[in-house]
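Below: one structure, written as structure tokens.
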Amino acid sequence: MLTLSRKVAIFLVFLCPCLTISADDSYDSLQISLLTCAPHDQIYSLYGHTAIRLKDPSQGYDMVVNYGLFDSSAPHFVLRFVFGLTDYCMGISSFELFKQEYAYYGSEVTQQRLNLTQDEKASIMEAIRVNALPENLVYRYNYFYDNCTTRARDILVNHLSGKVKYNSPIDENATFRQLVHSCNTDHRWARFGNDILLGVQADLPTTRQEQQFLPRNLKQDFSDAEIIMSDGSSRRLVAEETIVIPAGLQITENGFPLTPTACALILLALTIVLTIIEMLLGKNVWLFDMLLMVSTGLAGILLFLMLFSVHPTVRINLQLLLFNPLPLFFVYPVVKSMRRRQSHRWWRIWTILIILFLAGRFFQHYAEGMMILALTLLVRCVSREYLQKKKKQRP
């Protein structure tokens with residue numbers, strides 16, 4: 001994905017309707033290429049980017065068609081993105097402007113010039129012209145199924161005279177989650193955020209076409225692909241592959257120093273220490289339990305709302321057993337009973353939910369540190385029940 005300043009984005013949007021392509025034009029010198037941009041350190045670019053280059057020296061233009069324009073300053077952008085309500089825009093800029101953008105970030109850009117006939121070039125150009133009409137510029141973005149890479153692929157592959165045959169090997173067991181992990185290995189908190197939102201369906205095997213949501217996968221598939229004609233003849237899809245922007249120096253910003261696992265272990269250690277103090281000294285640190293209930297309940301609101309998201313990969317999420325709004329409804333009576341040193345059925349309810357969550361690990365990959373967090377909450381639940389039973393046994 002590519003983010004631009006509001007001024008540049010508006011310029012690109014208004015440039016789109018200015019793209020006029022005549023069906024009578026000669027396409028002898030026209031070169032249509034797939035551009036694949038390597039990731040850079042911005043959070044939105046960890047997965048790379050894809051665009052289409054249209055270069056025709058005889059007509060005097062060198063343009064880039066880009067389906068990844070968005071305005072991050074738009075109201076409620078993050079929430080709309082999470083719920084699948086984000087609108088992205090097609091834009092067209094000069095290749096020189098595109099080149100400056102990615103050279104600035106130090107991202108390598110690979111160009112795959114396509115091996116196309118005149119009719120195929122004309123068909124693709126007409127499709128782009130129609131796509132550039134004001135009523136077609138904006139589309140409802142979906143990270144896995146309809147993004148800047150799949151849009152570029154479809155505008156190219158769907159307007160060929162033959163059928164594309166992909167010859168590169170793929171991992172047929174690869175899941176959406178694994179594919180995302182392969183891109184954010186060095187960004188643990190970004191991966192944590194993704195894994196919190198992704199549910200059971202993100203752990204199902206994906207098809208080749210689904211795996212092409214990642215720019216690097218589409219580039220690899222294009223490299224060895226063939227166009228199979230109706231008469232059985234074939235030709236390579238890519239005529240030439242070159243690097244048009246070499247990799248440069250990337251500036252890496254230091255993130256939060258502790259990993260999700262480290263934070264979870266610290267919380268577990270603190271919980272164990274407080275629990276031991278309670279048992280030895282007969283204390284009742286109810287404020288700590290209140291904070292646990294409120295924090296997990298607030299986080300659970302987001303996962304509960306994911307049930308209504310248009311993203312199919314986030315709707316069924318077993319982490320909802322651990323992060324759900326239920327503690328918010330029990331926090332007042334639970335704290336009240338704890339201050340009176342009385343038992344409450346919430347601890348048994350929470351214990352059951354945690355056990356179900358732990359069992360759900362066999363069906364879904366959880367975010368980093370979540371299992372440790374579950375053990376932390378289980379320690380508190382068991383200790384509450386233990387202390388109450390111990391109190392009842394006293395003469």
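For this structure, a couple of remarks:
- Between LEU375, LEU358, LEU318, LEU302, the distinction of being modelled with pLDDT under 95 and either surrounded by 15 or more Cβ atoms within 10 Å (Cβ to Cβ) or not polar (S, T, N, Q) (or both) belongs to LEU302 only.
- Filter result for the condition that a residue is β-branched (Val, Ile, Thr), at pLDDT below 95 and closer than 30 Å to ARG153 by Cα, over VAL285, VAL238, VAL310: VAL310
- Within region 113-125, tally of residues that are over 29 Å from the mean Cα position of the chain (by Cα) and open to solvent by 10 Å² or more (accessible area, probe 1.4 Å): 8
- Residue that is more than 19 Å from THR86 (Cβ to Cβ), within 20 Å of the chain's Cα centre (by Cα) and either of a type in the set (Val, Ile, Thr) or surrounded by fewer than 19 Cβ atoms within 10 Å (Cβ to Cβ) (or both), where the choices are ARG140, ARG153, ARG188: ARG188
- Among the numbered conditions (1) closer than 30 Å to GLN178 by Cβ; (2) at pLDDT 90 or above, the only one that PRO327 does not meet is (1).
- Qualifying positions in region 230-279 - open to solvent by 60 Å² or more (accessible area, probe 1.4 Å), more than 24 Å from the chain's Cα centre (by Cα) and under 30 Å from VAL379 (Cα atoms): LEU265, ILE266, LEU270, ILE272, VAL273, ILE276, ILE277, MET279
- Condition check for LYS163: modelled with pLDDT of 95 or more, out of contact with any Lys or Arg (no Cβ under 9 Å at 6 or more places or on another chain), open to solvent by 60 Å² or more (accessible area, probe 1.4 Å) and not aromatic (Phe, Trp, Tyr): yes
- Residue check for ILE227: surrounded by fewer than 13 Cβ atoms within 10 Å (Cβ to Cβ) and in contact with a strand residue (DSSP E or B) (Cβ under 7 Å, 6 or more places away or on another chain): no
- Applying the criterion of at least 1 residues that are at pLDDT below 75 and open to solvent by 70 Å² or more (accessible area, probe 1.4 Å) to the helices (runs of 4 or more DSSP H) found wholly in region 1-112 leaves 6-15, 77-82.
- The one condition in (1) assigned to a loop (DSSP other than H, G, I, E, B); (2) closer than 25 Å to GLN201 by Cα that THR296 fails to fulfil: (1)
- Some residue of region 200-211 being among the charged types (D, E, K, R), over 21 Å from the mean Cα position of the chain (by Cα) and open to solvent by 20 Å² or more (accessible area, probe 1.4 Å): no
- Residue within region 170-178 that is open to solvent by 20 Å² or more (accessible area, probe 1.4 Å), closer than 30 Å to ALA299 by Cα and either in a helix (DSSP H, G or I) or of a type outside the set (Ser, Thr, Tyr) (or both) present: yes
- In the set (1) touching a residue at least 60 places away in the same chain (Cβ under 8 Å); (2) within 22 Å of GLN209 (Cα to Cα), ILE170 fails one condition alone, (1).
The values are calculated or read from the model by the stated rules, or taken from the named source; none is laboratory data. Given the structure is predicted, the values throughout are model-derived calculations rather than measurements. Don't worry about glycine lacking a Cβ; one is built from the backbone with ideal geometry, like all the others, and counts go over all protein chains shown. Just so you know, the surface numbers come from the protein's heavy atoms only, side chains and all, with ligands and any DNA or RNA stripped out. Shrake-Rupley method; radii C 1.70, N 1.55, O 1.52, S 1.80 Å.
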